Every structure is written in structure tokens, then in C-alpha cells.
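Comments concern the structure below.
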Amino acid sequence: MFQIIFNELSAAEISALPKKLQLELLAQFQILPQDLDQLDSERFGVIERDGRKLYRYRAKDYRIYFAKTDEGIKVHRVLHKNTFRDFLFRSKLPVSEDAQLSQAREFWKLIEEGEKTRKV
């Protein structure tokens, strides 16, 4: 069975958008694994690094970054085309460790977990 799976980050990113826009983006993101064999360069891009291949799909003013899996498609990020985060994601520019941590939800989860533990 073919599936489109959103990871936690991409699900949060698309959930933050207005419902109407979410539906429009998902309606445009009609893709099958065989579509990736002959890409329409108007809508698709391919990003490769260290043997890993990601695809970029243009939907309205957003970029959907995903990978092909055995089950179907796994969406990694949903970013607006004119954001600095999108630019950094595409270019892999180095930023300071503090800047990276400030954007990492996992980091804040670790901090919150530490705050919730009882002091002995």
C-alpha cells in the first residue's frame, strides 16, 4: 500500500498553516513513486548529499521536502519558499550551535523533561 507519511516536524509545520491552505497544498501534492522516475522540473527538484536523496516539490509558495521509501513517501519538511529556514535547509549553511539549538524542538523537550523531574 502506498502512503504519504509526515514526520513530527513536517506535521507540525503543515498544521500551523490555515486549514484552507493545508488542503490546497495537499491537493497539489498528488504524487506516486513512479512520478519520481521522470521529474517535472517545474515542480520538482532533487537534493543529494552523502548518498542521501531528497526531493523538493513546489506547491504554491511552499516547498515540501520528502524522500521515497518502501512504503511510499516520507515528508521531512514543509517550508515557505522565502524563509531563511528554507534557505538554510536547502544550502546547509553552517550556523552557530546556539542558533541551531534554539530552533530544535528536541532540545526544548530535553529542557522541559529536566524541569519536570523532581529534585532530590
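Can you work out the PRE-style zone for Lys81? Point 7 Å along Cα to Cβ, and I want the residues of segment 8-43 with backbone N under 15 Å. What the label zone holds, given the 15 Å backbone N cut-off, is 25, 28-29, 41-43. For segment 28-77, the square roots of the Cα gyration tensor eigenvalues, ordered a ≥ b ≥ c, give a/c below 1.5, which places it in the rounded category.
Bear in mind these aren't lab numbers, they're just calculated from the coordinates by the rules spelled out. All of these numbers come straight from a predicted model, not from anything done at the bench. Neighbour counts run over all protein chains shown; Cβ positions are idealised from the backbone, glycine included.
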